[in-house]
1. Somewhere in region 140-151, is a residue open to solvent by 20 Å² or more (accessible area, probe 1.4 Å) and modelled with pLDDT under 90?
2. Residues to consider are Gly167, Gly206; find the one that is more than 15 Å from the chain's Cα centre (by Cα) and of a type outside the set (D, E, K, R).
3. Do you know which residues across region 157-200 are under 30 Å from Thr56 (Cβ atoms), open to solvent by 40 Å² or more (accessible area, probe 1.4 Å) and assigned to a helix (DSSP H, G or I)?
4. What residue, of Leu23, Leu32, Leu55, Leu12, is more than 20 Å from Ile226 (Cα to Cα), open to solvent by 60 Å² or more (accessible area, probe 1.4 Å) and modelled with pLDDT under 85?
5. Which one is surrounded by the fewest Cβ atoms within 10 Å (Cβ to Cβ), of the residues in region 58-97 that are touching a Leu at 6+ places or on another chain (Cβ under 8 Å) and not hydrophobic (A, V, I, L, M, F, W, C)?
6. Identify, by number, the condition in (1) in a helix (DSSP H, G or I); (2) at pLDDT below 85 that Ile38 doesn't meet.
7. Scan Ala204, Ala140, Ala146 and give me the residue that is without any contact (Cβ under 8 Å) to a residue 60 or more places away in the chain, among the hydrophobic types (A, V, I, L, M, F, W, C) and assigned to a helix (DSSP H, G or I).
8. For the subset of region 98-114 comprising residues that are assigned to a helix (DSSP H, G or I) and open to solvent by less than 10 Å² (accessible area, probe 1.4 Å), which member is farthest from Thr194 (Cα to Cα)?
Amino acid sequence: MIPKEKHFIRQLVSSFFDLAPILTVVLVFQVLVIKQPIPDMINLLFGMLLVVLGLTLFIQGLEQSLFPLGESMAFAFARKGSLFWLLAFAFCLGFGTTVAEPALIAVVNEAAAIASKANIIQHTDEARLHYALGLRITVALSVGFAILIGVLRILRGWPLFYLIIGGYICVLVMTPFAPAEIIGIAYDSGGVTTSTITVPLVTALGIGLATAIKGRNPMVDGFGLIAFASLTPMIFVMAYGMLI
């Protein structure tokens, strides 16, 4: 058993090496391509130190809190044997983590600002707020639905590729009929939903559920929920654009 102090130091060193390629690329292009001195070196080094420390603490938090919490809840629902409450929890987990996702909030706010400038919506704060909130709720509902379907897949043993291929066929069919202004937002919304908050809890739920259910393989059945969380927002947001 590795002491917590040594584990933290190892994670700190690992985080530094994870960020080293990014720092190297920036420095090489700054010095050799742009050929300009690096501005404010002290703040740059201090900022990198904060990033390394933040990444380390974030990973520690995942290992000690979110992953065990998600897996323990999956085990608890599997033992309870109630399909309704398991599916309700899956939907609420997908909705709740997505509606609080910082990346999604940033994207929908930017989309609302651009839509206002392009005269797609009125030039008022209320119109921008309504547009951003509509997109945000739509994406959150889509992820909740995605996690629900993903949990059903684990329970029933459905092949993952059938659902993924079917979903992307739906995206391809909808794209020509969706408003041009919404297509890019729809495609990007699939990526921003799978970020710092959603991924750890959803992954832990899938692995925990596949481990708890007899006859399911965590490696085969436990993963794949994130794929649904990336796919369904494209469908829902294009549908939102076509209806609204």
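The values are calculated or read from the model by the stated rules, or taken from the named source; none is laboratory data. Keep in mind the model is a prediction, meaning the values are calculated, not measured. Here the Cβ positions follow ideal geometry from the backbone for every residue, glycine too, while neighbour counts run over all protein chains shown. These accessible areas exclude ligands, DNA and RNA; they are computed on the full protein's heavy atoms, side chains included. Shrake-Rupley method; radii C 1.70, N 1.55, O 1.52, S 1.80 Å.
1. Within region 140-151, the subset open to solvent by 20 Å² or more (accessible area, probe 1.4 Å) is 141, 145, 148-149.
Imposing the further condition that a residue be modelled with pLDDT under 90 reduces the set to none.
The answer is no; no qualifying residue exists.
2. On the way: Gly206 fails: more than 15 Å from the chain's Cα centre (by Cα).
Residue meeting the stated conditions: Gly167.
3. Across region 157-200, the qualifying residues are Asp188, Gly191, Val199.
4. Values: Leu23 fails: open to solvent by 60 Å² or more (accessible area, probe 1.4 Å); Leu55 fails: open to solvent by 60 Å² or more (accessible area, probe 1.4 Å); Leu12 fails: open to solvent by 60 Å² or more (accessible area, probe 1.4 Å).
Result of the check over Leu23, Leu32, Leu55, Leu12: Leu32.
5. That would be Lys80.
6. Ile38 satisfies all of (1) in a helix (DSSP H, G or I); (2) at pLDDT below 85 except (1).
7. Details: Ala204 fails: without any contact (Cβ under 8 Å) to a residue 60 or more places away in the chain; Ala146 fails: without any contact (Cβ under 8 Å) to a residue 60 or more places away in the chain.
Of the residues listed, the single one that is without any contact (Cβ under 8 Å) to a residue 60 or more places away in the chain, among the hydrophobic types (A, V, I, L, M, F, W, C) and assigned to a helix (DSSP H, G or I) is Ala140.
8. Per the stated criteria, the residue is Ala112.
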